[in-house]
1. Touching a helix residue (DSSP H, G or I) at 6+ places or on another chain (Cβ under 7 Å), in a strand (DSSP E or B) and farther than 23 Å from residue 108 by Cβ: is that true of residue 240 in this structure?
2. Looking only at segment 226-245, decide whether some residue is within 19 Å of the chain's Cα centre (by Cα), among the acidic types (Asp, Glu) and surrounded by 17 or more Cβ atoms within 10 Å (Cβ to Cβ).
3. If the Cβ limit is 6 Å and pairs must be 6+ apart or interchain, which residue in segment 196-219 that is polar (S, T, N, Q) pairs with which residue that is not in a helix (DSSP H, G or I)?
4. Is there any pair with a first residue in segment 264-283 that is under 19 Å from residue 249 (Cα atoms) and a second that is surrounded by 12 or more Cβ atoms within 10 Å (Cβ to Cβ) and small (Gly, Ala, Ser) whose Cβ atoms are under 8 Å apart and which are 6 or more apart or on different chains, and what are they?
5. When you scan segment 47-112 for helices (runs of 4 or more DSSP H) that lie fully inside it, which ones turn up with 2 or more residues that are under 16 Å from residue 27 (Cβ atoms) and more than 26 Å from the chain's Cα centre (by Cα)?
6. Take residue 188 and decide whether it is part of a loop (DSSP other than H, G, I, E, B), at pLDDT below 90, surrounded by 14 or more Cβ atoms within 10 Å (Cβ to Cβ) and not basic (Lys, Arg).
7. Kindly indicate whether any position in segment 244-253 is of a type in the set (Val, Ile, Thr), part of a helix (DSSP H, G or I) and under 20 Å from residue 197 (Cβ atoms).
Amino acid sequence: MKKRTKEILDILDEQYGTEFICYLNYETPWQLLIATMLSAQCTDARVNIVTKDLFQKYTSVDAFANADLKELEQDIKPTGFYHNKAKNIIACMKDVRDKFGGQVPRSLEDLTSLAGVGRKTANVIRGNISEIKALAVGTETTKGVDADVADAVTEDNLSEAVEFVKSFARREGCVAAVTGAIDLVSDGQRCFVIRNGRPEMGRITGTGCQLSAVMTAFITANRREEVLESAAAAVCAMGLAGEIGFFRLSPGEGNATYRNRIIDALYHMDGDQLEKGARYEIR
């Protein structure tokens with residue numbers, strides 16, 4: 001690890017501490033697993049409201065495994081995406097019961113074999129079921145929803161930024177994606193440096209949420225061992241859509257139209273167009 005990267009990490013540790021806090025309420029590993037599945041696209045506060053009654057109604061792994069799908073859907077409806085969540089929870093609890101004797105597995109490989117559990121969920125859960133008694137929660141400093149200009153990745157600090165993102169990914173055991181004028185996507189070993197996009201995209205509310213949805217789709221559609229490449233492809237696709245959408249704007253059209261142009265560009269984009277338009281290097 002380079003000296004500058006270590007200094008940055010030390011500053012972050014000093015500012016935010018190294019004690020991990022879990023904001024989801026739970027008493028058992030299987031409860032934490034379910035709460036984490038419910039937290040997808042939902043706040044921890046709302047999940048805690050739902051699980052307060054949910055865990056009183058379903059008091060065991062077997063109770064969830066045998067739950068009626070339609071009834072469970074209504075029980076978890078406030079967390080959103082309740083059709084898929086209910087289906088995955090029932091299937092997951094059946095896996096826990098039938099494959100692992102009712103105990104949530106500890107290894108990442110076994111965790112990701114459970115229905116509805118992806119690598120992100122597994123990483124969150126693993127820290128708790130190994131009896132650390134805490135859930136690692138990432139934090140960051142921003143101004144509103146935008147990055148501080150002082151933190152922007154530029155050509156001048158690119159090498160340093162790449163090393164920092166690699167170090168962060170290694171430290172967290174994840175794929176880290178940092179977006180901006182220059183996008184960085186790393187698994188700790190390799191880093192995609194992506195130069196697609198338009199500065200005007202930063203003026204549109206919701207492009208970050210769009211990218212999260214696109215990235216989820218790319219990762220889900222590809223093999224588990226290709227998470228890094230899938231995430232990088234999603235970032236390229238979003239940036240390329242921003243370029244195409246901006247090019248198609250007519251005089252007098254602004255941000256509202258631009259947002260829809262980006263969505264349309266993504267809708268019509270195919271593999272050949274992405275391959276030709278993606279601008280990246282790997283470091």
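The values are calculated or read from the model by the stated rules, or taken from the named source; none is laboratory data. Note that the coordinates shown come from a computational prediction; the quantities given were computed from them, not determined experimentally. When we count neighbours, we look across all protein chains shown, and the Cβ atoms used for this are built from the backbone with ideal geometry, even at glycine.
1. Numbers: touching a helix residue (DSSP H, G or I) at 6+ places or on another chain (Cβ under 7 Å): yes; in a strand (DSSP E or B): no; farther than 23 Å from residue 108 by Cβ: yes.
Taking the combined requirement at face value, the residue does not satisfy it.
2. Taking segment 226-245 as the starting set, the residues that turn out to be within 19 Å of the chain's Cα centre (by Cα) are 226-239.
Narrowing further to those that are among the acidic types (Asp, Glu): 226, 229.
Cutting the leftovers down to surrounded by 17 or more Cβ atoms within 10 Å (Cβ to Cβ) gives us 229.
Looking through segment 226-245, at least one residue is within 19 Å of the chain's Cα centre (by Cα), among the acidic types (Asp, Glu) and surrounded by 17 or more Cβ atoms within 10 Å (Cβ to Cβ).
3. Once the first residue is polar (S, T, N, Q) and sits in segment 196-219, its partners that are not in a helix (DSSP H, G or I) give 196/279.
4. Cβ pairs passing all conditions: 264/245; 265/241; 265/242; 265/245; 266/237; 266/241; 269/237; 269/241.
5. Values: elements: 61-65, 69-76, 82-100, 108-111.
Result: 61-65.
6. Values: part of a loop (DSSP other than H, G, I, E, B): yes; at pLDDT below 90: yes; surrounded by 14 or more Cβ atoms within 10 Å (Cβ to Cβ): yes; not basic (Lys, Arg): yes.
Here the answer is yes, as residue 188 does meet what is asked.
7. yes
The rows are residues; the columns are (1) surrounded by fewer than 14 Cβ atoms within 10 Å (Cβ to Cβ); (2) under 20 Å from residue 114 (Cα atoms); (3) among the acidic types (Asp, Glu); (4) in contact with a Gly (Cβ under 9 Å, 6 or more places away or on another chain).
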{"position": "45", "(1), (2), (3), (4)": "yes, no, no, no"}
{"position": "50", "(1), (2), (3), (4)": "no, no, no, no"}
{"position": "64", "(1), (2), (3), (4)": "no, yes, no, no"}
{"position": "71", "(1), (2), (3), (4)": "yes, no, yes, no"}
{"position": "75", "(1), (2), (3), (4)": "no, no, yes, no"}
{"position": "78", "(1), (2), (3), (4)": "yes, no, no, no"}
{"position": "85", "(1), (2), (3), (4)": "no, yes, no, yes"}
{"position": "92", "(1), (2), (3), (4)": "no, yes, no, yes"}
